[in-house]
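Only one structure is covered here, and it is reproduced in the block below.
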Amino acid sequence: MREVAVVGIGCTQFGEHWSASFRDLFVEAGALALNDAGISGEQIDALYVGNMSAGRFIEQEHIGALIADYAGLASNHTPSTRVEAACASGGLAFRQAAIAVASGMEDVVVAAGVEKMTDVGTGASVDTLAGAADREWEGFAGATFPGLYAMIATDYMHRHSLTREQLAQVAVKNHANGARNPIAQFRQEITIDTVLNSSLVADPLRLFDCSPITDGAAAVVVVPLERAREFTDAPVRMLASAQASDTIALHDRRDISTLDATIAAGRRALKLARLEHADIDLVEVHDCFTIAEICAIEDLGFCAKGEAGRLTEEGVTARDGGLPVNVSGGLKACGHPVGATGIKQICEVVQQIRGEAGRRQVDTEIGMTHNVGGTGATVVVHILGAC
Ligand code: COA
C-alpha cells in the first residue's frame with residue numbers, strides 16, 4: 001500500500017444559498033481545491049463524491065456523472081463515483097479516494113462532498129434525513145433525528161448526571177469557534193441562556209442544541225505521498241483511515257448512548273497510525289446535536305464515559321484548552337450540509353496543520369476527524385499529520 005497525502009483543499013461558504021445551485025456549489029469547491037493543488041481538471045484520474053440525498057433534496061440522481069459533467073470532465077471520461085452513507089458520505093468519499101490512491105489504481109483523485117438542503121422546507125428536510133435511520137422501525141413511528149438524539153440525551157443525562165448547562169456549553173463553545181470561521185453558517189457568539197431559552201425541538205434538545213439545515217460543498221485533492229511535493233510545499237499526510245458499522249436502529253444497540261462504531265473506528269485509527277490519544281492536537285467530531293459531541297469525545301476514548309460534560313464546562317475542549325474539539329465551529333455553528341461535512345472536517349484539519357486557520361489557529365501537528373452516518377450506524381475516522 002502507498003502512503004497518501006492531501007495537497008489541495010476547497011470549501012464553499014456554508015449556509016443558505018439562494019443564488020447558487022447544487023452543481024454551482026460543487027464546481028466552486030472543486031475549483032478552489034484544484035487551484036490550491038495547482039492542477040487542472042485534465043490531471044484528475046478519478047472523483048469520489050459524497051452526497052446523501054440529492055434525489056429528495058433537488059430531485060437529481062446520477063450525481064457522479066452530473067458532477068463530472070459540470071466540472072468539465074465529461075469529455076475526458078474521468079471516472080466519477082457517488083458515495084452514500086447518510087451524514088458520513090463525505091468522510092467515506094475521502095476514504096474511498098485514499099484507498100484508490102493507496103492501492104496504486106489511481107494517482108490524482110478528488111474527494112468531494114456536496115448537499116443542497118434548503119430548496120425544500122424544514123418538514124421535507126427532516127423527513128429526508130430520517131431516511132438515515134431505520135424507516136420501518138423509527139421513521140414510520142415518528143422518530144426524526146432530533147427525536148432520536150433526544151432519546152440518547154435523555155438516557156445519557158439520567159445515567160451520567162450531565163447537566164443541561166454542560167450540554168448547552170457545547171453549543172456556546174462551537175458558536176465561539178464558528179464566529180472565527182469565515183465559511184461558517186452561524187458566526188455569532190451565544191451564551192448558555194441563548195441555548196436554554198431557545199425553542200424546544202425534542203425534549204431535552206432545543207434549537208441551539210441542533211445542527212442546522214445547510215447548503216455547501218467541500219473538496220480535497222489526494223495523491224501518493226511520494227508525489228505530493230510536485231503539487232505543494234505543504235502536503236498533509238494521511239496517518240490512518242478507519243470505518244465501522246453498527247445496527248441502523250437505535251433500539252437494537254447494546255447501549256443507546258454509546259456509539260460502538262465510534263469506539264471501533266477510533267481504536268482502529270489510532271492503532272493504524274501507531275498513536276496515543278495524547279498525540280492528537282485537535283479533533284473535529286460529528287456534533288449533529290450537542291449530545292453527539294459529548295458521546296463522541298468519550299467513545300473516541302479521550303476521556304471516560306460520563307466525563308465529557310465536565311471537561312466541556314471546564315474549557316478543556318475549547319480552542320485554547322488541552323483538547324480543542326470542533327475548532328471549525330463543528331456541525332452546530334459551521335453548518336451541516338450532510339454529504340459535505342466529512343470533507344469539510346478534512347479541510348479544517350489540513351488548514352490547521354498548514355497553519356492557515358487564521359483567528360481560529362491552534363498549534364497542530366496531528367488532527368483527527370470523526371464523521372457519523374445516522375445515529376452511529378456508519379462511522380469514519382481519519383488521522384492526518386504534518387509531513
Ligand atoms: N441553530 C441555531 N439557529 C437556527 C438553527 C440551529 N440549528 N436552525 C435554524 N436556526 C435559526 C434560523 O437562522 C432562523 O433565524 P432567523 O429567524 O433569525 O432568521 C430561525 O432559527 C428559524 O429558522 P428555520 O429554518 O425556520 O428553523 P426550523 O425551526 O425550520 O428548523 C430545526 C430548526 C432544528 C428543526 C432544523 O434546523 C433541524 O431539523 N436540524 C437538525 C438537522 C439534522 O437532523 N441533521 C442531521 C443530523 S444527523
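The values are calculated or read from the model by the stated rules, or taken from the named source; none is laboratory data. Not measured: the values here are computed from a predicted model. Quick reminder, even Gly has a Cβ in these numbers, built from the backbone with ideal geometry, and neighbours come from all protein chains shown. Areas reflect the complete protein model, heavy atoms only, side chains present, ligands, DNA and RNA absent. Shrake-Rupley method; radii C 1.70, N 1.55, O 1.52, S 1.80 Å.
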Wrap a convex hull around the Cα atoms of the chain, take a quarter of its surface area, and give that in square nanometres. 16.6
Name all residues of the range 302-321 having a backbone nitrogen under 18 Å from the label point set 7 Å from the Cα of residue 362 along its Cα→Cβ direction, giving them as ranges. 302-304, 307-321
Roughly speaking, what is the stretch gain from residue 19 to residue 107, that is 0.36 nm per residue apart minus the C-alpha to C-alpha distance, in nm to one decimal? 28.2 nm
Give the distance, in whole Å, between the Cα centre of the range 241-316 and the Cα centre of the range 148-171. 15
In what order, largest first, do 305, 271 sit by accessible area if the probe radius is 1.4 Å? 271, 305
By accessible area (1.4 Å), largest first, 175, 62 order as 62, 175
Percent of Cα-Cα distances greater than 26 Å, calculated over the range 258-387: 11
Would you please give the FRET efficiency between residue 252 and residue 307, computed as 1/(1 + (r/R0)^6) with r the Cβ-Cβ distance and R0 = 35 Å, to the nearest 0.05? 0.85
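Rounded to the nearest 20 Debye, what is the dipole magnitude of the chain about its Cα centre when Lys and Arg each give +1 and Asp and Glu each give -1 at the C-beta?
With Lys and Arg at +1 and Asp and Glu at -1, about 340 debye.
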Tell me the label-point distance for the pair residue 387, residue 75, using the 7 Å Cα-to-Cβ offset, in nm and rounded to one decimal. 3.2
Rounded to 10°, Cα long-axis angle of helix 145-160 versus longest principal axis of the chain: 50
Amide H partners (placed H, <5 Å) of residue 5, local residues excluded: 223, 225, 238
For the pair residue 122 and residue 314, what calculated FRET efficiency results from E = 1/(1 + (r/R0)^6), where r is the Cβ-Cβ distance and R0 = 45 Å, to the nearest 0.05? 0.80
Which order do 239, 205 take when ranked by solvent-accessible area (1.4 Å probe, heavy atoms of all protein chains), largest first? 239, 205
What lysines does residue 305 reach when the alpha-carbon gap must be under 27 Å and sequence neighbours fewer than 8 apart in one chain are set aside? 173, 271, 332
Residues of the range 122-206: accessible area per residue with a 1.4 Å probe, Å²: 45
Roughly how many percent of the accessible protein surface of the chain is carbon and sulfur, given a 1.4 Å probe and a whole-percent answer? 49
At what distance in nm do the modelled label points of residue 203 and residue 233 sit from each other, each positioned 7 Å from its Cα along Cα→Cβ? 6.0
Is there a quick way to get the dipole size of the range 270-387? I mean about its Cα centre, with the Cβ of Lys and Arg at +1 and of Asp and Glu at -1; what is the value in debye to the nearest 20? 300
Where q = 0.30, 0.31, 0.32 Å⁻¹, what log10 of I(q)/I(0) comes from the Debye formula for the range 119-162, counting one point per Cα? -0.97, -1.00, -1.03
